[in-house]
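Chemist: First the structure, which I've put down as structure tokens, then a few questions once you've had a look.
Please treat every number below as a calculation from the coordinates, not as lab data. Being a predicted model, the structure only gives us computed values, none of them experimental. Here the Cβ positions follow ideal geometry from the backbone for every residue, glycine too, while neighbour counts run over all protein chains shown.
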Amino acid sequence: MQRPVASSLNCITPLMAISPAALQDALHWRYATKAFDPGRSIPAETWTALEQSLVLSPSSYGLQPWKFVLIRNPELRQQLRPHSWDQSQITDCCELVVFAGRRDIEQADLDRLIETTCQMRGLAPEQLGFYADLMRRNLVEHEQLPASAIAEWVGRQVYIALGTFMTAAALLEIDTCPIEGFDPAAYDRLLGLEGTPYRSWVVCAAGYRATDDKYAQLAKVRYPAEQLIERR
């Protein structure tokens, strides 16, 4: 079955779905890579596709309350490593992405989304009035989502992007390792995020597994579907 996919802003081309078996193979193949091969680089075309997986990640309201900081500077990575439980993935991976999320949601964020949506879809702002009011009431005036819960809400959005990125990487046979073992405050300081609308939430290393990473050969530990999936 073919599905439409936007290959550019104005062109829709058919998309050939991968097989269910290929998807399952990719998900079984991936693991949280503990040792990367520092001598291997991700091809530029492949990395461009993975960057687009970040850009195309879904989010609640389509608000995209995030920024993705790509760390390629070796010296900066060396500075980050001690604040990352000294994990070798920080310095050895090909690409290191820091997933940063908004500290708060402001009216300007909503205005930006409405303006961009109007431009992309040829709409007038008044056509999105209900949508804009809904976001304002929930995210700015906090009618349903308390101000104290905004940070947690943003964090959940960031993790949607992380999952999208890791799945896309697996389909392209790129190894990843999500990293929560780091000091967000130190990262914010070193990355210049202090005093900005964004804060570090999670890190993901990407590249190719080292041939001697013993974890690559271990059986994947997952509970059986009948224990996890409840049908009603």
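Chemist: Based solely on its DSSP helices, what 222 nm [θ] is calculated for the chain when runs of n ≥ 4 H residues each add -39,500 (n - 2.57) and the sum is averaged over all residues, nearest 500 deg cm²/dmol?
Modeler: -11000 deg cm²/dmol
Chemist: Just add up the charged neighbours of residue 72: K/R +1, D/E -1, any other residue whose Cβ is under 13 Å from the Cβ of residue 72.
Modeler: Here the count lands on -2.
Chemist: Treating the chain as a set of equal point scatterers at the Cα positions, no solvent, please give the Debye-formula log₁₀ I(q)/I(0) at q = 0.07, 0.14, 0.18 Å⁻¹.
Modeler: Results for the chain at q = 0.07, 0.14, 0.18 Å⁻¹ read -0.28, -1.08, -1.38.
Chemist: Return the long-range amide H neighbours of residue 94 (sequence gap of 5 or more, or a different chain), with a cut-off of under 5 Å between placed amide H atoms.
Modeler: Those qualifying (amide H under 5 Å, at least 5 residues apart or on another chain) are 206, 207, 208.
Chemist: Follow-up question, since we're still on this one. Output ³J(HN,Hα) for the range 117-134: one whole-Hz value per residue in order, computed from phi by the Karplus curve 6.51 cos²θ - 1.76 cosθ + 1.60 with θ = phi - 60°, and x for Gly and Pro.
Modeler: Once θ is set to phi - 60°, the couplings for the range 117-134 become 5, 4, 5, 6, 10, x, 10, 8, x, 5, 5, 10, x, 4, 4, 5, 5, 4 Hz.
Chemist: Let me ask another. Which of the listed residues, 124, 22, 64, is farthest toward the dipole's positive end in the chain, when Lys, Arg count +1 and Asp, Glu count -1 at the beta-carbon?
Modeler: Comparing the listed Cα positions along the dipole, 22 ranks first.
Chemist: While we're on this one: When the chain is modelled as a GNM with alpha-carbon springs shorter than 10 Å, which of 133, 183, 37 fluctuates the most?
Modeler: Greatest mean-square fluctuation among the candidates belongs to 133.
Chemist: Give me the net charge of residue 127's neighbourhood, meaning all other residues with Cβ under 13 Å from the Cβ of residue 127; Lys, Arg count +1, Asp, Glu -1.
Modeler: Charge balance in the 13 Å sphere: -2.
Chemist: Next question, about the same structure. Using Cα springs under 10 Å in a Gaussian network model of the chain, which residue among 75, 194, 51 shows the largest mean-square fluctuation?
Modeler: 75
Chemist: If you take the Cα Rg of the range 74-120 and divide it by 2.2 N^0.38 Å, with N the number of residues, what do you get?
Modeler: In units of the globular-protein estimate, the range 74-120 measures up at 1.84.
Chemist: When 139, 162 are ordered from fewest to most other Cβ atoms inside 10 Å of their Cβ, what list results? List each step's numbers first, then the result.
Modeler: Working: 139 25, 162 22.
Arranged by neighbour count, lowest to highest, 139, 162 become 162, 139.
Chemist: Return the FRET efficiency for the residue pair residue 167, residue 115: r is the Cβ-Cβ distance, R0 is 35 Å, and the value is rounded to the nearest 0.05.
Modeler: For residue 167 and residue 115, the calculated efficiency is 0.70.
Chemist: Below 8 Å, C-alpha to C-alpha, sequence gap of six or more: please give me the relative contact order for the range 1-127 in percent.
Modeler: Numbers: 89 pairs, mean separation 26.2, N = 127.
Answer for the range 1-127 is 21 percent.
Chemist: With a cut-off of 8 Å between alpha carbons and a minimum separation of six or more residues, what is the relative contact order of the chain in percent?
Modeler: 31 percent
Chemist: If you wrap a convex hull around the Cα atoms of the range 99-163, how much volume per residue is inside, in Å³?
Modeler: 96 Å³
Chemist: To continue, here is another question. What's the magnitude of the charge dipole for the range 2-218 around its Cα centre, counting Lys and Arg as +1 and Asp and Glu as -1 at the beta-carbon? Answer in Debye, nearest 20. Before the final figure, lay out the partial values.
Modeler: Details: 19 positive and 26 negative charges, 45 e Å.
Approximately 220 debye in magnitude.
Chemist: Now, a different point. Please give the net charge around residue 205, taking every other residue with its beta carbon less than 9 angstrom from that of residue 205, where Lys and Arg add +1 and Asp and Glu add -1.
Modeler: -3
Chemist: Okay, next question. By DSSP, what percent of the beta bridges with both residues in the chain are antiparallel, rounded to the nearest 5?
Modeler: Numbers: 25 of 26 bridges.
Looking only at bridges with both residues in the chain, the antiparallel portion is about 95 percent.
Chemist: Here's something else I'd like to know. Using the Karplus curve 6.51 cos²θ - 1.76 cosθ + 1.60 with θ = phi - 60°, what ³J(HN,Hα) values do you get for each residue of the range 220-232, in whole Hz, with x for Gly and Pro?
Modeler: Those phi angles translate into 6, 9, 9, 6, x, 4, 5, 8, 10, 10, 10, 10, 10 Hz.
Chemist: Measuring from centroid to centroid over Cα atoms, what is the spacing of the range 13-53 and the range 66-110 in Å?
Modeler: Measuring centre to centre over Cα atoms gives 20 Å.
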